[in-house]
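The values are calculated or read from the model by the stated rules, or taken from the named source; none is laboratory data. All of these numbers come straight from a predicted model, not from anything done at the bench. Quick reminder, even Gly has a Cβ in these numbers, built from the backbone with ideal geometry, and neighbours come from all protein chains shown.
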Amino acid sequence: MTETRPPLPASLDDVDGWFPKVDQRLFTWFLDRQERLGQSGDLVELGSYLGKSAILMGRHLHGGETFTVCDLFDSQAPDDSNQAEMDGSYASLTRTAFEANYRAFHDRLPEIVQAPTSAILDHVRPESCRFVHVDASHLYEHVRGDIQAAHVMLPVEGVIVCDDYRSEHTPGVSAAVWEAVAVEGLHPVCVTPQKFYGTWGEVKQVQDDLLAWLGDQDDLWHEVQEVGGRALLRVKSRSAPKAKKKDQVRELKERLARVEDQRARAQHELDSVRHSLSFRVGRAATALPRAIRRGGRRH
Ligand SMILES: C[S@@+](CC[C@H](N)C(=O)[O-])C[C@H]1O[C@@H](n2cnc3c(N)ncnc32)[C@H](O)[C@@H]1O
């Protein structure tokens, strides 16, 4: 019997997973910026599922750099709580499906560590990475360990992104992320509805560069807040209806300006006709018979 496989994805939208558009834009911005600044280094993803975020990260891999993904895929989780998460959310996940999706976009697979993320430091050298995406278990102890491992893998200017830092169902992730900020010297750069972006290095220049870029992005909303005396950028997609409304208002303003322009031209033409000699002669010619008629009625 021949096995029927799902069709291969043609775009990232076709890949199942949890990777919102705003985060796709920000991953691209952070990775492009590192490339512009000549910061080379390896990429690591802890928790890849069917490859949605991994596929995008893989686009930024340059010669001499390694991309490592770590996921349990179809293996047993290290403890019961983690296994319950796996059974609940990722029951249909297989390594084969991840590989097929990834291969639909890239010639070469990343280095795959099919193991609990607690094993990652057996495969990745300290300070060898420029970007680490933490998106595996949601349990506090695991995420705390993943962030500590990221701290080891990243040099000081490296970037860490943590998923689900504020979801209602993932308080353990929130606790681990903000603990790293409060106790481990992690500096927040920005947050989106789903992800936290930070660095253990200098943060002001990154935020200034990000703000300059965000100023030109019509589809992204942002504001600056202060948390514990440090700036923190909030970024999110403008909701579709709002973006649509903005477009409609712009179109109406443009139409109004065009109509106003036409009215002003017509007024100008009218004024110049009124003041022209032939107009005045014409008025005189029609006024004379009217005066004669009025004069006639009086007798
Ligand atoms: C939220 S999904 C990742 C989503 C993915 N980054 C995307 O863009 O769609 C979480 C992944 O973490 C994996 N995972 C959960 N606990 C893990 C653990 N302890 N070690 C390694 N992987 C784990 C799951 O198998 C699942 O694929």
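Residues in the stretch 150-172 that are surrounded by fewer than 23 Cβ atoms within 10 Å (Cβ to Cβ) and either over 25 Å from residue 205 (Cβ atoms) or in contact with a Leu (Cβ under 8 Å, 6 or more places away or on another chain) (or both): 151, 152, 164, 166, 167, 168, 169, 170, 171, 172. Annotation for the stretch 70-85: no member residue is within 22 Å of residue 58 (Cβ to Cβ), more than 11 Å from the ligand (Cβ to nearest atom) and surrounded by 16 or more Cβ atoms within 10 Å (Cβ to Cβ). Scanning the stretch 17-37 for residues that are of a type in the set (Phe, Trp, Tyr) and part of a loop (DSSP other than H, G, I, E, B), we see that the one that is farthest from residue 73 (Cα to Cα) is 19. Among the residues making up the stretch 84-102, those that are at pLDDT 95 or above and either within 24 Å of the chain's Cα centre (by Cα) or among the hydroxyl-bearing types (Ser, Thr, Tyr) (or both) are 96, 98, 101, 102. Taken as a whole, the condition of being touching a Cys at 6+ places or on another chain (Cβ under 7 Å) and either within 13 Å of the ligand (Cβ to nearest atom) or closer than 16 Å to residue 48 by Cβ (or both) applies to residue 117.
Of all residue pairs spaced 6 or more apart or on separate chains, those with beta-carbon atoms under 7 Å, a first member in the stretch 89-100 that is assigned by TED's automatic domain parsing to the domain that holds residue 16 and a second member that is among the small types (Gly, Ala, Ser) are 98/48; 98/51. Being among the aliphatic types (A, V, I, L, M) and in contact with a His (Cβ under 9 Å, 6 or more places away or on another chain) is the filter; apply it to the stretch 35-68 and report the residue that is farthest from the ligand (Cβ to nearest atom). Checked the stretch 35-68; the qualifying residue farthest from the ligand (Cβ to nearest atom) is 61. With respect to residue 126, determine if the residue is away from the ligand (no atom under 14 Å from the Cβ) and either in contact with a helix residue (DSSP H, G or I) (Cβ under 7 Å, 6 or more places away or on another chain) or not assigned by TED's automatic domain parsing to the domain that holds residue 45 (or both). Considered against the rule, which asks whether it is away from the ligand (no atom under 14 Å from the Cβ) and either in contact with a helix residue (DSSP H, G or I) (Cβ under 7 Å, 6 or more places away or on another chain) or not assigned by TED's automatic domain parsing to the domain that holds residue 45 (or both), residue 126 comes out as yes.
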